[in-house]
Amino acid sequence: MSAPRLVLVLGDQLTPSVAALQAAEKGRDVVVMAEVAAEADYVRHHPKKIALIFAAMRKFAARLEEDGWQVAYTRLDDDENAGSIPGELLRRAEEHGAREVLATRPGEWRLIEALETCPLDVSLLEDTRFIATHAEFERWAEGRKALRMEYFYREMRRKTGLLMEGDKPAGGKWNYDHDNRKPAADDLFLPKPLWFEPDETTENALALVEARFSGNFGRLHPFGFATTADQAEQVLDHFIENALENFGTYQDAMLQDRRFLYHALISAYLNIGLLDPLAVCRRVEEAWKAGKAPINAAEGFIRQILGWREYVRGIYFHEGPDYPRRNALNHQRSLPALYWGAETRMNCLAQAVRQTREEAYAHHIQRLMVTGNFALIAQVNPAEVHQWYLEVYIDAFEWVEAPNTVGMSQFADGGIIASKPYVSSGNYIDKMSDYCGTCHYSVRQKTGQGACPFNLLYWHFLVRHRDRFEGNPRTAQMYRTWDRMDDARRETVLNEAETFLDRMSKGETI
Ligand code: FAD
Ligand code: DLZ
Ligand code: SF4
């Protein structure tokens, strides 16, 4: 029999359809899975994220063994653990007399480079779990002046036939976002997230994480995440049955005691391989066809996965390894301690951070228009913002996190992803949430003692970057509003904003 090959399956590649497994031969090849310090420590991940990945890896390995695969699995606390993925491959290569490695291209430049320089014969196979191939994205991007998601999304609709009637979009419009901006009223019938009581395997992973990572930001217990593909399917079913109908309408709403609203809570499962993106979109399309959800909900949801998720991945690989370090606006302040749970009087931030610490989850608008918006108008160094998002969310992997943070949220790529900076005064937060009612600051107050800091920093940001944004049709109107204010008021806003930023930089409670 020919020599065995090693088949690498990473912690976010947990599906039998992953390319390396598809290319391998059962009975000949050895699947290598390893919990390693290099992956668990390269940032201080939220403890829930590490527990999810280790529990899901262990269960997936057991499933592969049941299916007849030979699996060499290394636990984090195994004595011989080499500490890194290339180290584990070398150790297993020696053990099994193997030279060749089949690997699915990782979702992060750091690990791609580590595999490319590993002294074994590593074949990096394209990750076929995505709907667009790299070649398709590159063909779409070639020669375009602006890489806007909306046009890429239309290509993907045509490619997959999702929500298409012949060559026309279902219902006559490509995008129903216009119907999707309602603030939420608290609703007693809001769906409750599904909860999975930890089994023995999950309990073991939790104990390991508690022993090794309890210093990381984030609460480990209680832990009720799905850790197998079957359970992740149940989460999807639950969403389709109970929340999809209202997903579009309340997509941007925020309520402080209703953390999950009508969101699907499936990003982590998609990102680690427990759910397949195209299959998820097809399920939602079926629900729409069956009359279970209106078009604005189905289209809004499918756009997030078929459009945004595929698009940000395309951008991450198109732009290259330096992308997460870009800083087009030259913002240099440090991330304030409130992001790590230090006291703040800003209720919106306190709520978003508390929820993040407890759940490893915040929905898109909390990430974009509360924590992201504040970091941007407070002119925080985007590299620090990027690191924060990578550390604190259960679904954070660099290919999806960096474009969302560095590009969409911080405008640090100079406008490749976002056609305008996502900044707002307190008004937007007040309109979309119930945060302001119980805040120390007054959202209606524009200056003076107790004025909402978003109201000051918003203008300060726009004034500082006037050269860049004044000519942008999407922000030009704001400069006209600013110019109409009287001089004294403008001076007060800018002085108060400076004072606030100085206090923030000195570490005072803000
Ligand atoms: P829903 O709101 O129910 O949406 C359904 C699905 O659409 C999600 O599960 C997700 O797979 C996909 N999706 C929605 N928006 C996006 C988007 N902008 N980019 C990619 N996919 C999207 N998402 C991650 O998966 N990992 C991250 O690390 C991540 N970091 C983010 C950082 C910032 C600053 C911002 C603004 C957004 C980030 N997002 C990230 C996108 C989005 O916030 C999450 O995908 C979403 O909140 C996950 O919750 P959900 O499953 O309930 O999503
Ligand atoms: C995120 C993560 C963690 C915490 N631990 C492991 C691990 O021990 N072993 C592993 O194979 N993968 C892990 N991962 C996922 C990787 O970091 C992920 O594959 C890369 O970031 C590329 O997306
Ligand atoms: Fe946030 Fe300002 Fe509202 Fe307070 S008043 S919750 S700081 S937007």
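All of (1) in contact with a Pro (Cβ under 9 Å, 6 or more places away or on another chain); (2) more than 16 Å from ligand 2 (Cβ to nearest atom) hold for T405 with one exception: (2).
Does G218 qualify as being outside the structural domain of E401 (by TED's automatic domain parsing), among the small types (G, A, S) and either closer than 30 Å to P16 by Cα or within 16 Å of ligand 2 (Cβ to nearest atom) (or both)? Considered against the rule, which asks whether it is outside the structural domain of E401 (by TED's automatic domain parsing), among the small types (G, A, S) and either closer than 30 Å to P16 by Cα or within 16 Å of ligand 2 (Cβ to nearest atom) (or both), G218 comes out as yes. Quick check on my filter: what residues within region 375-384 are out of contact with any Pro (no Cβ under 8 Å at 6 or more places or on another chain) and surrounded by fewer than 24 Cβ atoms within 10 Å (Cβ to Cβ)? Correct list: Q379, N381, E384.
Can R283 be described as among the basic types (K, R), more than 29 Å from S17 (Cα to Cα) and over 18 Å from the mean Cα position of the chain (by Cα)? Before the answer, list the steps.
Details: among the basic types (K, R): yes; more than 29 Å from S17 (Cα to Cα): no; over 18 Å from the mean Cα position of the chain (by Cα): yes.
It is false that R283 is among the basic types (K, R), more than 29 Å from S17 (Cα to Cα) and over 18 Å from the mean Cα position of the chain (by Cα).
Matching residues to (1) of a type outside the set (S, T, N, Q); (2) within 18 Å of E496 (Cα to Cα); (3) under 24 Å from the mean Cα position of the chain (by Cα):
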site	(1), (2), (3)
G437	yes, no, no
S442	no, yes, no
Q449	no, yes, no
R464	yes, yes, no
D467	yes, no, no
G471	yes, no, no
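Would you mind stating whether F225 is out of contact with any Lys or Arg (no Cβ under 6 Å at 6 or more places or on another chain), aromatic (F, W, Y), at pLDDT 95 or above and not in a loop (DSSP other than H, G, I, E, B)? So F225 does not fit the description; no.
Against the condition under 19 Å from the mean Cα position of the chain (by Cα) and either of a type in the set (V, I, T) or at positive phi (or both), how does L236 come out, does it pass? Answer is no for this residue. Just one of (1) within 16 Å of ligand 1 (Cβ to nearest atom); (2) touching a helix residue (DSSP H, G or I) at 6+ places or on another chain (Cβ under 7 Å) fails for P453. It is (1).
Against the condition at pLDDT 95 or above, closer than 17 Å to R357 by Cα and surrounded by fewer than 18 Cβ atoms within 10 Å (Cβ to Cβ), how does R219 come out, does it pass? In short, yes.
Condition check ((1) of a type in the set (A, V, I, L, M); (2) within 16 Å of ligand 1 (Cβ to nearest atom)) across all residues:
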residue	(1), (2)
F411	no, yes
I416	yes, yes
P421	no, yes
K446	no, no
H460	no, no
R484	no, no
E491	no, no
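Taking the conditions (1) free of Cβ contacts under 8 Å to residues at least 60 places away in the same chain; (2) assigned by TED's automatic domain parsing to the domain that holds A19 in turn, M164 satisfies each one other than (2).
Could we say that R181 is farther than 20 Å from E319 by Cβ and more than 16 Å from ligand 3 (Cβ to nearest atom) here? When the stated conditions are applied, R181 passes them.
Might you let me know whether region 409-430 holds any residue that is under 29 Å from P473 (Cβ atoms), buried (at least 20 other Cβ atoms within 10 Å of the Cβ), touching a His at 6+ places or on another chain (Cβ under 6 Å) and modelled with pLDDT of 95 or more? Scanning region 409-430 turns up no residue that is under 29 Å from P473 (Cβ atoms), buried (at least 20 other Cβ atoms within 10 Å of the Cβ), touching a His at 6+ places or on another chain (Cβ under 6 Å) and modelled with pLDDT of 95 or more. In region 441-454, what residues are touching a Gly at 6+ places or on another chain (Cβ under 7 Å), surrounded by 20 or more Cβ atoms within 10 Å (Cβ to Cβ) and not in a loop (DSSP other than H, G, I, E, B)? Matches in region 441-454: F454 only.
Can you name the residue in region 245-285 that is assigned to a strand (DSSP E or B) and of a type in the set (A, V, I, L, M, F, W, C) and is also surrounded by the fewest Cβ atoms within 10 Å (Cβ to Cβ) among such residues? If you could, list the steps in order and put the result at the bottom.
So in region 245-285, the residues assigned to a strand (DSSP E or B) come out as 254-255, 258.
Checking which are of a type in the set (A, V, I, L, M, F, W, C) leaves us with 254-255.
Numbers: M254: 25, L255: 20.
Residue satisfying both the conditions and the ranking: L255.
Here the strands (runs of 3 or more DSSP E) wholly within region 1-102 that include at least 3 residues being modelled with pLDDT of 95 or more and crowded, with 22+ Cβ neighbours inside 10 Å are 6-8, 30-34. Look at region 1-12: where a residue is more than 17 Å from E65 (Cα to Cα), no partner that is at pLDDT below 95 sits 6+ places away or on another chain with Cβ atoms under 6 Å. In a residue-by-residue description of region 495-510, the property of being farther than 17 Å from R345 by Cα and either modelled with pLDDT of 95 or more or in the same structural domain as I365 (by TED's automatic domain parsing) (or both) applies to at least one position. Of the residues in region 199-216, none is in contact (Cβ under 8 Å) with a residue 40 or more places away in the chain, under 25 Å from I305 (Cβ atoms) and either within 15 Å of ligand 1 (Cβ to nearest atom) or not in a loop (DSSP other than H, G, I, E, B) (or both).
The values are calculated or read from the model by the stated rules, or taken from the named source; none is laboratory data. Remember, it's a predicted structure, so these values are computed and weren't measured experimentally. Backbone-built Cβ (ideal geometry, glycine too); neighbour counts: all protein chains shown.
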